[in-house]
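Read-outs: derived from the displayed coordinates by stated rules, not from any lab. Since the model is a prediction, treat every value here as computed from it, not as a measurement. We place every Cβ from the backbone using ideal geometry, glycine too, and count neighbours over all the protein chains shown.
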């Protein structure tokens, strides 16, 4: 188990290791960021986007939340963290790609399925994962053998649909300045599946290519 002392020890290794080796890059990043990709991922500790995609600091604008969800555009004056990050990434940073990445064994997806069975899932979790209600009900009605995995895929697709409800996203997708993608990471095997833009299926990425 990591302790604050372990974190500080890790920081010292970072300073004497990768930071020292790439000091010029960090110095340049101190003047600003210019990532091409926004990645919306789950906050699960086992699915680290930068590690999965072997990305250096400054290359990914990452937003993480329970079940890698994107809410629909809502102009209700509320506090919308994901929507704020999305607006900044698209309108200020000018990212060219948005990737919604789910993963195997997602606790948020499990909570959505539990809620369908009237099980308590938490005061703050319940109203967040209800973003999955439509997709979850469709998955359960289909009678699939693995509803957890099916909903992990379906939730990614639902978030991609919700992204298009933001006018600044839809406008840029329409004129080719922005592209939306879906991905799913299998923690146990380390395999990545990428959503086919035409079929909607998630295809296993060939690592020998």
Fill in: For a label point 7 Å along the Cα-to-beta-carbon line of residue 201, residues of segment 73-113 with backbone N under 13 Å
none
Response to the item:
Rounded to the nearest 500, the 222 nm mean residue ellipticity computed for the chain from DSSP H runs (n ≥ 4, each -39500 (n - 2.57)) alone is -11000 deg cm²/dmol
Fill in: Extension gain from residue 175 to residue 118, taking 0.36 nm per residue of separation minus the Cα-Cα distance
16.1 nm
Discussion item. For segment 71-209, place one equal point scatterer on every Cα, skip the solvent, and apply the Debye formula. What is log10 of I(q)/I(0) at q = 0.15 Å⁻¹?
Written reply: -0.84
Fill in: Fewest-first ranking of 27, 191, using other Cβ atoms within 10 Å as the exposure measure
27, 191
Worksheet item: Rounded to the nearest whole Å³, what is the per residue volume of the convex hull around the Cα atoms of segment 2-108?
Response: 145 Å³
Worksheet item: Between the helical axis of 4-16 and the dominant principal axis of the chain, each derived from Cα atoms, what acute angle in degrees is found, rounded to the nearest 10?
Response: 50 degrees
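Report the gain in length on full extension from residue 144 to residue 92: 0.36 nm times residue separation, minus Cα-Cα distance, nm rounded to one decimal.
14.6 nm
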Item to complete: Could you work out how far helix 107-116 tilts from the main Cα principal axis of the chain, as a 0 to 90 degree angle to the nearest 10?
Response: 20 degrees
Practice prompt. Give the value in nm², to one decimal: projected area of the alpha carbon convex hull of segment 153-192, averaged over all directions.
Written response: 3.3 nm²
Item to complete: For helix 133-142, report the angle its Cα long axis makes with the longest principal axis of the Cα atoms of the chain; keep it between 0 and 90° and round to the nearest 10°.
Response: 60 degrees
Item to complete: Return the whole-Å distance between the Cα centroid of segment 10-25 and the Cα centroid of segment 59-82.
Response: 31 Å
